[in-house]
Amino acid sequence: MSKLRVAVIGAQGRIGSAAAAAVEAADDLDLVAAIDREDPLEALTEAGAQVAVELTHPDAVMGNLEFCVGHGIHAVVGTTGWTAERLDRLRGWLAAAPGTGVLVAPNFSIGAVLTMQFARQAARWFESAEVIELHHDNKADAPSGTATRTAQLIAAARAEAGLAPQHDPTTHGLEGARGADVEGVPVHSVRLRGLLAHQEVLFGGTGETLTIRHDSLHHSSFMPGILLAARTVPGVPGLTYGLENFLEGTEPGHQED
Ligand SMILES: NC(=O)C1=CN([C@@H]2O[C@H](COP(=O)(O)OP(=O)(O)OC[C@H]3O[C@@H](n4cnc5c(N)ncnc54)[C@H](OP(=O)(O)O)[C@@H]3O)[C@@H](O)[C@H]2O)C=CC1
Ligand SMILES: O=C(O)C1=N[C@H](C(=O)O)C[C@H](O)C1
């Protein structure tokens, strides 16, 4: 069987370099292009890439995806900075490219995907919910894509359950002290040398709290998810948001890197 032809965009970066190495090491995948800021996107078409793994910067991702979708190259996207408007724009490009698939995943690690699912499940049972995300000191975006998605899922579950908006008695405080407001859920962002990617979701109810914590200790935590996504995306046309949509029916052994 011929190997799937995969390209990595952002291949000099922290996660992009790890992704390029993981693709290269996979028996069923062929790393046909590994490009970064200075390289032309035409390298993807010249190399005959079938799937592009996009791991760059919120300022670069839309241009890269417009090119990929316009050339019928499926994409697996880890880059953050997504808004409803950006997702709509991407849907528009995909509508004009039937058969092309794009997965946008706020987080490729299985533990982070489960954290989001557990948080959604817990949200309806607690009056208070806050998210603390902690990342390395070179991260461009805040809050993280994962924390934003987590807060959105909590907000949706609260609304579905008919919970009242969260009570915040703060009348005196410095700006930012209560974090960013993501659909009514406070999200706090810590940037610290030595960290990679970590998140705590805190829930509070009468006489009890629940804390869900996840730690990505190494970029290897994202690789099984990226490889699974690269293998799956050619069979899923249109936009898929969240790796969980590709995990259903997958045996854990199939996520090996
Ligand atoms: N979904 C997930 O599971 C994960 C997502 N991420 C996300 O991935 C993104 C990258 O993170 P990280 O690797 O830490 O960042 P880095 O800054 O280490 O890497 C990004 C790389 O992309 C390059 N780049 C910038 N613009 C372009 C462009 N137009 N075309 C090609 N390459 C470009 C950068 O070059 P230069 O240095 O010259 O700017 C750099 O080499 C972030 O948005 C991060 O949040 C990270 C980890 C996991
Ligand atoms: O920049 C990072 O490092 C990460 N970015 C993603 C995010 O913003 O959620 C995923 C993970 O947290 C690592």
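Looking only at A142, A96, A84, which one moves most when the chain is put into a Gaussian network model with springs between Cα atoms under 10 Å?
Largest GNM mean-square fluctuation: A84.
Kindly provide the GluC sites (Glu not before Pro) of the stretch 1-66 that DSSP labels as loop, not H, G, I, E or B, and whose Cβ sees at most 16 other Cβ atoms within 10 Å.
Numbers: sites: E24, E38, E42, E46, E54, E66; in loops: E38.
Here the sparse-neighbourhood loop sites are E38.
For the modelled label position 7 Å from the Cα of A164 along Cα-to-Cβ, which residues of the stretch 124-142 have backbone nitrogen atoms closer than 16 Å?
125-129
Tell me whether the stretch 54-199 comes out rounded, prolate or oblate; compute the Cα gyration tensor, take square roots of the eigenvalues as a ≥ b ≥ c, and use a/c under 1.5 as the rounded threshold.
Verdict is prolate for the stretch 54-199.
Label point 7 Å out from R191 along Cα-to-Cβ: which residues of the stretch 125-169 have amide N under 12 Å?
135-144
I'd like the Karplus ³J(HN,Hα) series for the stretch 23-36: coefficients 6.51, -1.76, 1.60, θ = phi - 60°, whole numbers in Hz, and an x wherever there's a Gly or Pro.
Coupling constants for the stretch 23-36: 5, 4, 7, 7, 4, 9, 10, 10, 7, 9, 7, 9, 10, 9 Hz.
According to a simple spin-label model (label point 7 Å from Cα along Cα-to-Cβ), what is the distance in nm between Q117 and M62?
Reported label-point gap for M62 and Q117 is 3.2 nm.
Could you work out [θ]222 nm for the chain from helices alone, using -39500 (n - 2.57) per DSSP H run of at least four and dividing by all its residues? Round to the nearest 500 deg cm²/dmol. Before the final figure, lay out the partial values.
Details: 8 runs with 84 residues, N = 257.
That calculation yields -10000 deg cm²/dmol at 222 nm.
If all Cα-Cα distances of the chain are sorted into 5 Å bins from 0 onward, what percent lands in each bin, rounded to whole numbers?
Histogram of Cα-Cα distances, whole percents per bin: 1, 6, 13, 17, 18, 16, 12, 8, 5, 3, 1, 0, 0, 0.
With a cut-off of at most 11 other beta carbons within 10 Å, and DSSP calling the residue loop, which GluC sites (Glu not before Pro) in the stretch 90-195 qualify? Please list them.
Of the GluC sites (Glu not before Pro), the ones in loops of the stretch 90-195 whose Cβ has at most 11 other Cβ atoms within 10 Å are E175.
Roughly to the nearest percent, how much of the accessible area of the stretch 140-236 is carbon and sulfur, given a 1.4 Å probe? Provide the component values of the computation, followed by the final result.
Working: 2870 of 5210 Å².
Roughly 55 percent, rounded to a whole number.
For the stretch 3-46 and the stretch 184-245, what is the separation of their C-alpha centers, rounded to whole Å?
23 Å
Roughly what would the spin-label model give for M1 and T83, points 7 Å off Cα along C-beta, in nm?
4.2 nm
At 1.4 Å probe size, with every protein chain present, just tell me what the per residue accessible area of the stretch 78-184 comes to in Å².
52 Å²
Computed over the Cα atoms of the stretch 158-257, what is the ratio Rg over Rh, Rh following Kirkwood?
Taking Rg over the Kirkwood Rh, I get 1.06.
Where only protein heavy atoms count, and the probe is 1.4 Å, what is the accessible area per residue for the stretch 9-51 in Å²? Please list the in-between numbers first.
Values: 2220 Å² over 43 residues.
Spelled out: the 1.4 Å probe surface of the stretch 9-51, per residue, equals 52 Å².
Starting from the Cα of S128, step 7 Å along the direction of its Cβ; do the same at R14; then give the gap between the two resulting points in nm.
Once both label points are built, they end up 3.0 nm from each other.
Using only Cα atoms and rounding to the nearest 10 degrees, what angle (0 to 90) does helix 145-161 make with the longest principal axis of the chain?
So the helix axis and the longest Cα principal axis differ by about 50 degrees.
Given H placed on each backbone N at 1.01 Å, which residues far from A52 in sequence or on other chains put an amide H within less than 5 Å of it?
Under 5 Å from the amide H of A52 lie the amide H atoms of A7, H74, A75, V76, each far enough along the sequence or on another chain.
Sort out for me the Cα centre separation of the stretch 66-90 from the stretch 102-136, rounded to whole Å.
Each part reduced to its Cα centre gives a spacing of 22 Å.
The values are calculated or read from the model by the stated rules, or taken from the named source; none is laboratory data. All figures in this text were calculated on a predicted structure; none of them were measured in a lab. Virtual Cβ from ideal backbone geometry, glycine too; neighbours counted across all protein chains shown. Just the protein is used for accessible areas: all its heavy atoms, side chains included, with ligands, DNA and RNA removed. Shrake-Rupley method; radii C 1.70, N 1.55, O 1.52, S 1.80 Å.
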